[in-house]
Amino acid sequence: MTIGTAHHSGFRSVTGWLLEQLLARPDRRSRSLPIVVALGPRGTGKTALLREVQRRCERIPHVYLDFERDDIGTREALGQLAFGLSKAVPQFGRIAFPDLWLCLLVVGSSVHINAGDRRQALAQLRGILARNQPIEQNRQAVIELVEFAGEVASGQSLPGWAAPATDWLLRGMGRIDRWRMLRPIDKLSTTRGKPEDALIDIAKWAHDGDANEQADADAIFCEAFLADLRRAYSGFNRSRRTLDCAVLLDNVHTPGGQRFLYTLQQMRARAADPDPLLVFATSRSWIRYWGVSWHRPGGSIDDESRRPDTHRTGGLDWPPPRPPGAVDEDWRHGNFDESPWSPWYLLDISHLPTPDVVDLAGDFGIHRRTKLTEFVSRLTGGHPGAVVDVLAAAARVEPPDTLRRIFDYPVPQQVWTDPNSLPDTVGMHSEEQVLQDFTEPTDLRDLITASAARNMDVLYHPEILDSAAPNGEAVLEALRNDLWIRERPGDDPDFELHPWLRRILLRALAARELSDPRNWTRTHTLCREVYQRDGQDAAALYHDLALGNIAATVAYLRQAFDTDGAEFDVLLAREWLAELDLITSAPNRLPPDDAPIDQVRELVGEQADELDASLAWLVAALWVTNDPLGDPEQSLYASIDGEFRQLAKGRGRGAMLLYERAERYR
């Protein structure tokens, strides 16, 4: 995993202004805050971002929990969070969680064994808590009971923190007796009856309940956790606890993380009063319950669905996760007492805009090298981890070396936390990082094959995929959920792979052996045939060009100019340019050894006339240049500019668009 400030230096609006806004307590009051979740596929710097937030929170009560490292349930997660938040912090003191510890203590006992015999269970519970004595006098007996009952009654040991936490709780209780402990439990809205009955029910549900009762137990624990926090920020403590506390949750896409986040959000919604808690989480997968009010990238919007009245999305209808650059706009005009976002604020951190790439380049000693930063942005698609890798390697490239071989260059060791696991090159490390989540070999093979196409339509064509039982729809759904799909806007949105993932997959496609039935040539040939059959000429020529066939593209594009005197008008010029862009965006596997101009010259060869020559030079130069690895130094720009201007001569009003396009390459 990449370290240092590089991953999160592009997210200063998140770790700066937004964090301060969310931790603030105007008039020492708690506010209803959304749960902030940073989203992005693997390698986008989510953990690094969360660690920076943790660094900024070091002077307030805070706790970090990684659900991917600790595969735990909601109750244990709450215990770990409470244990972390209860550490003493100057000015804030030590936050106590008596309600939650009591729930944990009872569930850790054997009370649930006798839950069917209410009288015996009540007697045992009262014996655990106290017999007309302060409970701390029975501290050691209760600790032993928790440890022993946790092993015998539940069939598994309690987590390591349980005994020390219980010991800390009991030593700190002073003269608090069982009645003061039980009174708050009676007020929890989820329970009914006497407090002793509620505790016995909690123990029974937690150990022996069905799925619904287990969820009820989790909800009660979460409610106790939030009630303890609200109490900790009331009364005398209200004046000295000037900022909210923070819970930082990494990798909530895991099953345990999803359940915990949902339970927390539900208990917050049911509470009468807000809590003094900032929740900042990360996820590399989409979680379905966000779809109630947010738009999943690469997914469709159900126009018939109605967003709950309690959900707010900054006045936007079904927004996708917000880019960090929108933070200021999203929050500065909201009511400070009522958040414009509830109960979620989703951040898409999968893309670094070019200005942030320029800032990162400075961290590697790369200054005022515009071509290099443009190259990095185009190659990586702004994927933060890839940006760091490529910049680190590119910073060491000196002539006669070329950026065209960037995948073959080593990544400096200081970029990585674990030098012992560092692969040799950018290409090797990229494949290891990006492809590790695709664990099913047949799905990965089909995905590599599908990367030949400009969008994800190939996954709907089993005749192109060659696995034993192709399931392209399931592969596409997994890509959506793992946030690897981008939408090309339009009346009929186009779904595309993230450029960095596609780059890695195309390298794997190009590396397939000639004997492979889905090698580069065979795959693009099949794709061309599918689009020809469907009458999509430009899409078919896209794959023809990927095969190196310049002549077919030149013949097709020439038709717009062979019109027997008809004007090349603005509408025709716009359509012609759109098709030119589509076709010349085709991938290539040209060797990086020859200079770009020499490659274009070889591709063009001899042409029949001046018009064919201009079109061939334009198509070949654009094809090479549109691949970031094809011409990083932009040496072909002058040729492209000249050919657009040559084609514009005497073409009527449509020539204006050709001249405008030529300006991009000056």
Identify, from the list R502, R528, R512, R518, the residue that is assigned to a helix (DSSP H, G or I), over 29 Å from A613 (Cα atoms) and charged (D, E, K, R). R502
Kindly list, by first and then second residue, each pair from a residue in the stretch 637-666 that is over 17 Å from V619 (Cα atoms) and assigned by TED's automatic domain parsing to the domain that holds L557 to a residue that is among the aromatic types (F, W, Y) and crowded, with 18+ Cβ neighbours inside 10 Å, limited to pairs with Cβ atoms under 6 Å and residues at least 6 apart or on different chains. R651/F568; G652/F568; G654/F568
Mind checking which residues of the stretch 556-606 are within 16 Å of L636 (Cβ to Cβ), free of Cβ contacts under 8 Å to residues at least 40 places away in the same chain, crowded, with 17+ Cβ neighbours inside 10 Å and not polar (S, T, N, Q)? V600
Residue that is nearest to the chain's Cα centre (by Cα) [pool: residues in the stretch 536-571 that are among the hydrophobic types (A, V, I, L, M, F, W, C) and part of a loop (DSSP other than H, G, I, E, B)]: L547
Return the pair list, or none, for Cβ contacts closer than 7 Å from residues in the stretch 293-307 that are at pLDDT 75 or above to residues that are among the aliphatic types (A, V, I, L, M) and in a loop (DSSP other than H, G, I, E, B), at least 6 apart or on different chains. H295/I301; P297/L483
Of all residues in the stretch 6-29 being out of contact with any helix residue (DSSP H, G or I) (no Cβ under 7 Å at 6 or more places or on another chain) and of a type outside the set (A, V, I, L, M, F, W, C), which is modelled with the lowest pLDDT? R12
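Which of the following residues is under 19 Å from the mean Cα position of the chain (by Cα) and surrounded by 15 or more Cβ atoms within 10 Å (Cβ to Cβ): L479, L509, L447, L526?
Numbers: L509 fails: under 19 Å from the mean Cα position of the chain (by Cα); L447 fails: under 19 Å from the mean Cα position of the chain (by Cα); L526 fails: under 19 Å from the mean Cα position of the chain (by Cα).
Step by step, each of L479, L509, L447, L526 is checked, and only L479 is under 19 Å from the mean Cα position of the chain (by Cα) and surrounded by 15 or more Cβ atoms within 10 Å (Cβ to Cβ).
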Restrict the check to the stretch 230-242 and report whether at least one residue is of a type in the set (K, R), surrounded by fewer than 21 Cβ atoms within 10 Å (Cβ to Cβ), farther than 20 Å from L81 by Cβ and free of Cβ contacts under 8 Å to residues at least 24 places away in the same chain. no
For the stretch 235-294, which positions are more than 26 Å from N212 (Cβ to Cβ) and polar (S, T, N, Q)? N237, S239, T242, N251, T282
Can you name every residue in the stretch 365-381 that is outside any helix (DSSP H, G or I) and without any contact (Cβ under 8 Å) to a residue 40 or more places away in the chain? G365, I366, H367, R368, R369
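The values are calculated or read from the model by the stated rules, or taken from the named source; none is laboratory data. From a predicted model like this one, the values you see are computed outputs, not experimental measurements. Reconstructed Cβ throughout: ideal geometry from the backbone, glycine too, with neighbour counts over all protein chains shown.
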